[in-house]
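Each value in this text was obtained by applying a stated rule to the coordinates, not by laboratory testing. Just so it is clear, the model here is predicted, and its values are computed rather than measured. Positions of Cβ are backbone-derived with ideal geometry, glycine not excepted, and every protein chain shown enters the neighbour counts.
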Amino acid sequence: MQEIHNEQQLMQYLKQYQLEEIFHEPLRTHMTLCHFEKCELICREGETSDYLYVLVEGKIKIFTTSAQDKTLVLCFKTPLEVVGDIEYVRESDIVNTVQAVSPVVMLRIHYQWLAALASDYAPLLKFLLKIISHKFYIDSNFSNFNLMYPVEVRLASYLLSISTEEAGSIVHEELDAFNLTDIANLIGTSYRHLNRVIQKLCADGLIERHQGLIMIKDRAGLREIAGHNIYE
C-alpha cells in the first residue's frame, strides 16, 4: 500500500462522488489517498479495524474463509463503496477480508478522527446510515434470491460475479481453492445437485470444467439465465 499525499487529487475525488459535505474540512486534513496494487490485501478478516475506506477507483473482492480454510468469494465491488463502516459503528473487528482485484485507489481516515470530529455530524452519519442500510437490503435480497430462484439461476449469477473481464474467461484466479461444498452452502443447495447443475451448464456449452478450473465460455448465455445478479 502506498499513501498519496495530494490534496488536489483528494478534492477531485470528493467532488467526483459528491462527498465534499460528507467529509467536511475538519476531516479532510486527516484523510489520505491510498493506492493498492492488484491482489494486495486491504484488510483481513478478524483483525482490528482502524480505518474507514472509500473506494474511488478500481475493483475490490470481498471474501471470507471457511472453517476448512477455504476461500469463499462473497461479492465484488466498484466505486462508490465503503469498507470499515459496519466495523466503525459496531466497534468490532474486521468482518470479511477485502482484496484489490485491480489497482485500487481508496480514501482513508482513521476512526479516531471520525469519533473526535464527526461523531454528531449529520451529513456523515446520514451517509453511513445509507451505506449500511443498503448492505442490509442487499443481504435481505440475497436470502430471498436463494429461496425463490432455481439453483441454475443462482449458480449462473455467482459465476458471473466471481469472474472478471480482466481475467478473461477464468472464473476466479485462485480456483485451486474453489470448493463446491462451500459454494453449495452459499447458494443454498446440496453438493450433488450443484454438481448436476454444473454438468448441465457444461453440456449446454455455457461453461467448461477442466482440471479443477471452471471456464466461462458463453458469458451472454449465463447473463440470460441469471437475469438480475444479486451478488454484484
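A few comments on the model shown:
- Evaluated on segment 4-98, the Kirkwood hydrodynamic radius is 14.6 Å, with distances taken between all distinct Cα atoms.
- Projected label distance in nm at ARG90 and PHE136, using a 7 Å step from Cα toward the beta-carbon: 1.2 nm
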